[in-house]
Amino acid sequence: MPTLTRKTNETDITATFDLYGKGQRDISTGIGFFDHMLGSFALHGGFDLTLKCDGDLGVDAHHTVEDVGIVLGKLFSSVDKAKITRFGEAFVPMDESLSFAAVDVSGRAFLVLDAAFTTEKCGEFDTCLTEEFFRAFAVNAGITLHLKNLYGANDHHKIESLFKAAAHSLKRALVKTDGDVLSTKGVL
């Protein structure tokens, strides 16, 4: 399992990420709701994730959330793109909320997130940081990721269904194949 350490003036992160694990996780960022989202992401994606982050939470959660996305994206970027399904999609309901995710593990980084939140926070997690995490993850992973919350009333449910939908779409895109690179160019 690859491990990455990233230390800045704002965060100190060490993470181990196995894309083909069993969903085992040990996560500590100091932001309970974010730990819960990362745990759901790992479990539903079948990823093993060990992550410890000490961040400048006295400022706010932004640096922690974004830097965790950077680290996880860099760890994800090592996937062998020549032997995977490449594309994945998933609809995930969570009570009254329904979210959709589609991914292309192509080496081309792009994020589209279409979700509206009505509360400022879920626990100590700023709801606006949902986009910051997924942008940092997608850019550093080199994936195209589209996320949409179709409807819902509870922001906790909306965000959690987005994390789970992303995980399930990635799990489908990472299915190993015996074929060549899934591209008419012959490379990704």
Go through the residues of the range 117-126 one by one and say whether even a single one is at pLDDT 95 or above, of a type in the set (G, A, S) and under 19 Å from A90 (Cα atoms). no
Tell me whether the range 49-61 contains one or more residues that are hydroxyl-bearing (S, T, Y) and farther than 18 Å from A165 by Cα. yes
The range 39-55, subset in contact (Cβ under 8 Å) with a residue 60 or more places away in the chain and outside any loop (DSSP other than H, G, I, E, B), residue farthest from A173 (Cα to Cα): S40
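Only one of R108, R6, R86, R25 is under 30 Å from A153 (Cβ atoms) and either modelled with pLDDT under 95 or among the basic types (K, R) (or both); which?
Only one candidate qualifies: R25.
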The range 113-138 residues that are surrounded by fewer than 21 Cβ atoms within 10 Å (Cβ to Cβ), paired with ones that are aromatic (F, W, Y) (beta carbon under 9 Å, 6 or more apart): L113/F134; K121/F33; G123/F33; G123/F34; E124/F33; E124/F34; T127/F117; C128/F117
Check whether at least one residue in the range 79-99 is closer than 17 Å to E132 by Cβ, surrounded by fewer than 18 Cβ atoms within 10 Å (Cβ to Cβ) and in contact (Cβ under 8 Å) with a residue 12 or more places away in the chain, and report yes or no. no
Only one residue in G73, G58, G69, G23 is in contact with a helix residue (DSSP H, G or I) (Cβ under 7 Å, 6 or more places away or on another chain), free of Cβ contacts under 8 Å to residues at least 40 places away in the same chain and either surrounded by fewer than 18 Cβ atoms within 10 Å (Cβ to Cβ) or not in a strand (DSSP E or B) (or both). Which one? G23
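The values are calculated or read from the model by the stated rules, or taken from the named source; none is laboratory data. In this text, all values refer to a predicted model and were calculated from it rather than measured experimentally. Virtual Cβ from ideal backbone geometry, glycine too; neighbours counted across all protein chains shown.
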